[in-house]
1. Go through (1) assigned to a helix (DSSP H, G or I); (2) away from the ligand (no atom under 13 Å from the Cβ); (3) open to solvent by 60 Å² or more (accessible area, probe 1.4 Å) for Q44 and report which single condition fails.
2. Is it the case that some residue within segment 66-82 is modelled with pLDDT under 95 and more than 15 Å from the chain's Cα centre (by Cα)?
3. When the residues of segment 60-77 are narrowed to those that are more than 17 Å from V37 (Cβ to Cβ) and part of a helix (DSSP H, G or I), which ends up nearest to the ligand (Cβ to nearest atom)?
4. Answer yes or no as to whether P34 is outside the structural domain of L105 (by TED's automatic domain parsing) and either part of a strand (DSSP E or B) or under 20 Å from the mean Cα position of the chain (by Cα) (or both).
5. Within segment 171-184, identify whether any single residue is small (G, A, S) and in a helix (DSSP H, G or I), and answer yes or no.
6. Take M101 and tell me if it is within 25 Å of A19 (Cβ to Cβ) and either open to solvent by less than 30 Å² (accessible area, probe 1.4 Å) or modelled with pLDDT of 95 or more (or both).
7. Go through segment 69-98 and report how many residues are open to solvent by less than 60 Å² (accessible area, probe 1.4 Å) and either β-branched (V, I, T) or touching a helix residue (DSSP H, G or I) at 6+ places or on another chain (Cβ under 7 Å) (or both).
Amino acid sequence: MSPTITAFKSSPDRGRGLARDMRVRWALEEVGQPYDVRLVTFPQMKEPAHLALHPFGQLPTYEDGDLVLFESGSIVLHIAERRPGLLPGDANARARAIAWMFAALNTVEPPILDRQTAMFLERDKPWSEERLRLVDDRIRVRLGELSHRLGDAEWLDGAFSAGDLMMVHAIRRLGGSGLLEDYPNLCAYIARGEARPAYQRAFAAQLAVFTAASSGEPRSQQMQAERERPH
Ligand code: GTB
């Protein structure tokens, strides 16, 4: 039996692969694990059936037999541990790859999420501009550190790993913000991740869901959603 993951029936990112099911899809594609997808709406995520899978009423979730997981990091780690392709065999290299996963989630991603909050939920506040400037400064510090560490290397620690997968997905959300342009090696790093065949398959799969969901939308609704979408 293939595992089943959850994804948005109609993703607010309009198929740009920014929602967190994308990292799980990408990991599954990297290790060659077929999977099923159950699409959910925002209201469905808050219903008891989904809350039984995810205590915070979010996605993605992962179900495989008796196992139910939530949190994209834990799901990607589980996938990476079960099949070869995302974690090195050497114990120390494996530990370092996992450290990069944690770094992506706990050190690099938080200010990027703060930016999203500042952009979409706090724009009407009188302190919004100042807050955005502070958040952007924090992001620049992290990008500078990451850029320095990556240097001319292709990936963060030897071969491509689950650490790179999480990092690329976390920082690609800054596309269009103007913050990445000062770090050409990070732009190239993201492009390398996005060029991977497994990424391409995962991206196409989530885009197909969005395209199907929006094909019935009236044009006026599509334009409204376009104006409101997260950048
Ligand atoms: N820490 C959790 C994880 O990594 O799995 C975070 C999960 C999470 O926030 N999931 C979001 C969710 O379920 C979907 S991806 N939100 C509903 C809720 O909290 O009620 C979030 C997302 C959507 C769209 C964009 N975008 O457009 O850029 C980015 C991220």
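1. It is condition (2) that Q44 fails.
2. Among the residues of segment 66-82, not one is modelled with pLDDT under 95 and more than 15 Å from the chain's Cα centre (by Cα), which makes the answer no.
3. Top of the filtered list is G73.
4. So P34 passes the test.
5. Within segment 171-184 (the criterion being small (G, A, S) and in a helix (DSSP H, G or I)), the answer is no, since none of the residues qualifies.
6. Considered against the rule, which asks whether it is within 25 Å of A19 (Cβ to Cβ) and either open to solvent by less than 30 Å² (accessible area, probe 1.4 Å) or modelled with pLDDT of 95 or more (or both), M101 comes out as yes.
7. Matching residues across segment 69-98 total 14.
Let's see how each residue does on (1) in contact (Cβ under 8 Å) with a residue 12 or more places away in the chain; (2) within 27 Å of A213 (Cβ to Cβ); (3) among the charged types (D, E, K, R):
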{"position": "V31", "(1), (2), (3)": "yes, no, no"}
{"position": "V40", "(1), (2), (3)": "yes, yes, no"}
{"position": "E47", "(1), (2), (3)": "no, yes, yes"}
{"position": "H50", "(1), (2), (3)": "yes, yes, no"}
{"position": "P60", "(1), (2), (3)": "yes, yes, no"}
{"position": "V76", "(1), (2), (3)": "yes, yes, no"}
{"position": "P84", "(1), (2), (3)": "yes, no, no"}
{"position": "L105", "(1), (2), (3)": "yes, no, no"}
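The values are calculated or read from the model by the stated rules, or taken from the named source; none is laboratory data. Bear in mind the structure is a predicted one, so any value in this text is a computation, not a measurement. Note: ideal-geometry Cβ built from the backbone for every residue, glycine included; neighbour counts use all protein chains shown. With ligands, DNA and RNA removed, areas are computed over all heavy atoms of the protein, side chains included. Shrake-Rupley method; radii C 1.70, N 1.55, O 1.52, S 1.80 Å.
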